[in-house]
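Asks: For reference, the structure I am asking about is given below.
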Amino acid sequence: MKLPDLDYCAPASLEEVVALLSANADAKIISGGQSLMPVLAFRLNAPSVLVDLGRLQGLDRIEIGADHVRLGARVRWIDIERHPALRTAQPLLVAMIDHVAHTQVRNRGTVGGSLAHADPASEMPGFARLVDAVIEVFGESGPRELSAEDFFLGPLETVLEPTDVLTGVRLPAWPAGRRWGFQEVARRRGDFAMAGVAVCFDDGTDGAVHDMRAVAIGAGSTPVRLSGVEAFLEGRVLTAELAEAAGATAGQEVSPMVEDAGEADYRRALVMTLTARTLKQAAGLEQE
Amino acid sequence: MGNRTVEFELNGEAVRVEVEPRTKLVDCIRHRLMRTGTHVGCEHGVCGACTVILDGESVLSCLMLAVQVEGRSVTTVEGLSPAEGLSPLQASFRKHHGLQCGFCTPGMITAAHALLTREPDADDDRIREAMSGNICRCTGYLSIVEAIREARAAYGGASSMPAGEVAAQ
């Protein structure tokens, strides 16, 4: 469980990071290292050079603006938990991040690392998909932006080029009064989710659901937007019966990737149950 | 790859050590600096045995490289132990049988110390949540939570009464 032989650099500018990545084809970025270090310990990857983002200034900022909240790539889970205003500004984000890992890992793990690692069971990628976050990248041709919708390609696979650095993520401002629900099932709290579902919608004056959004994690090769559920509920007044029916719809939208067929069925059943529960949670309906 | 020199503070003392870049912090601490109090369990970030305190926060020393602590301050269980006898937290673990084989204990002590230093009034739920990354295969955890709860007083926190009695006061 010792790491493969590798070199290490901790540059002080994004340009230097990109130059190092360009010069070393199999270089790998390390930020908090809470996903990468186990990968290296199991020797699932053996980069020649680790390029540490730890000396870059300014990537650890949380900015709350009128139009969006911006999280720098090196914002840690513990920074989100402790931030005095984020719980109001982005309540669902904070609720989801509360489920990420255990204390020690929360003290190191970062927003950018989680997005770039792209574990389909992770909360941050799921949230980014749910709210259509904008992912900020710095690469060989300078800064550019990517949509969360296009970002995730598969398990641990994104559209990032080997010479790209993920620098931050912009989350659209959370409308006042937006309703949300999030639940996940893990064998122990803080462990990887077997499956999880997050939903949000705005209340119309007609009492109906507007801008309905739903995402499942741990139930496919990437976080999965439940577009069938969204279309099914948009513009309707949410009831317990509709929430249950939406759960059944959700089950048809996911294909959990696990070796054991029984576990795939179980995860699909979890998505169905959690969809119904989170919708009721969001709408303030009685849970059975 | 060529060795690197790393300088950091270990238990209040300036240390300078030469390591391969791939050396994990825990292996540097144990094998180069010979502080063997920090234990190596799973080596991939799930057991908590290797927990150390980095600038006041608990971290897993198996999920960090030694070169990453350049200029920073690291505290291990040795740094939390008085020259003679036991610290109040250690004494509380002993009193409540918060250990049996002792393998997880250095990680339990460092994680609990980081928690109580920051949150001396942590209640049982908070203690359980904050300690959830530390696995113990002997005790069943109840005695560990009791030990940490009683040690709160030594950190300026809530009295050592059981949680229910504190609420009733």
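The values are calculated or read from the model by the stated rules, or taken from the named source; none is laboratory data. Everything quoted here is computed from the prediction, not taken from an experiment. Glycine also receives a Cβ, built like all others from the backbone with ideal geometry; neighbour counts cover every protein chain displayed. The protein model used for the area step is the full one, side chains on, heavy atoms only, and it has no ligands, DNA or RNA in it. Shrake-Rupley method; radii C 1.70, N 1.55, O 1.52, S 1.80 Å.
Asks: Going by what's in this entry, would A:Ala73 be described as touching a residue at least 40 places away in the same chain (Cβ under 8 Å), touching a His at 6+ places or on another chain (Cβ under 7 Å) and open to solvent by less than 50 Å² (accessible area, probe 1.4 Å)?
Replies: Here the answer is no, as A:Ala73 does not meet what is asked.
Asks: How do the strands (runs of 3 or more DSSP E) wholly within the range A:145-258 filter down when requiring 2 or more residues that are not hydrophobic (A, V, I, L, M, F, W, C): which remain?
Replies: Those strands (runs of 3 or more DSSP E) span A:165-172, A:179-186, A:193-203, A:209-217.
Asks: Would you confirm whether or not the range A:180-197 contains a residue that is open to solvent by less than 20 Å² (accessible area, probe 1.4 Å), within 14 Å of another protein chain (Cβ to nearest Cβ) and on the phi > 0 side of the Ramachandran plot?
Replies: yes
Asks: Shifting gears a bit: Does at least one position in the range A:115-135 carry a residue that is assigned to a strand (DSSP E or B) and more than 17 Å from A:Val51 (Cβ to Cβ)?
Replies: From the range A:115-135, those assigned to a strand (DSSP E or B) are A:134-135; that's our starting set.
Now narrow it down to the ones that are more than 17 Å from A:Val51 (Cβ to Cβ): A:134-135.
Yes - at least one qualifying residue is present in the range A:115-135.
Asks: Determine whether A:Asp5 is within 13 Å of chain B (Cβ to nearest Cβ), at pLDDT 95 or above and in a loop (DSSP other than H, G, I, E, B).
Replies: Criteria met by A:Asp5.
Asks: Can I ask one more? Taking the residues in the range B:11-65 that are facing chain A (nearest Cβ under 10 Å) and among the polar types (S, T, N, Q) as candidates, determine which candidate is surrounded by the most Cβ atoms within 10 Å (Cβ to Cβ).
Replies: Here the answer is B:Thr51.
Asks: Return yes or no: is A:Asp98 under 18 Å from A:Tyr8 (Cα atoms) and either open to solvent by 30 Å² or more (accessible area, probe 1.4 Å) or within 14 Å of chain B (Cβ to nearest Cβ) (or both)?
Replies: no
Asks: Residue by residue through the range A:9-63, note down the ones that are assigned to a strand (DSSP E or B) and within 12 Å of chain B (Cβ to nearest Cβ).
Replies: A:Cys9, A:Ile30, A:Val49, A:Leu50, A:Val51, A:Asp52
Asks: Quick one: which residue in B:Ala168, B:Ala153, B:Ala163, B:Ala122 is of a type outside the set (Asp, Glu), at pLDDT below 95, surrounded by fewer than 23 Cβ atoms within 10 Å (Cβ to Cβ) and touching a helix residue (DSSP H, G or I) at 6+ places or on another chain (Cβ under 9 Å)?
Replies: B:Ala163
Asks: For A:Arg213, state whether it is within 14 Å of chain B (Cβ to nearest Cβ) and more than 13 Å from the chain's Cα centre (by Cα).
Replies: Numbers: within 14 Å of chain B (Cβ to nearest Cβ): no; more than 13 Å from the chain's Cα centre (by Cα): yes.
Answer is no for this residue.
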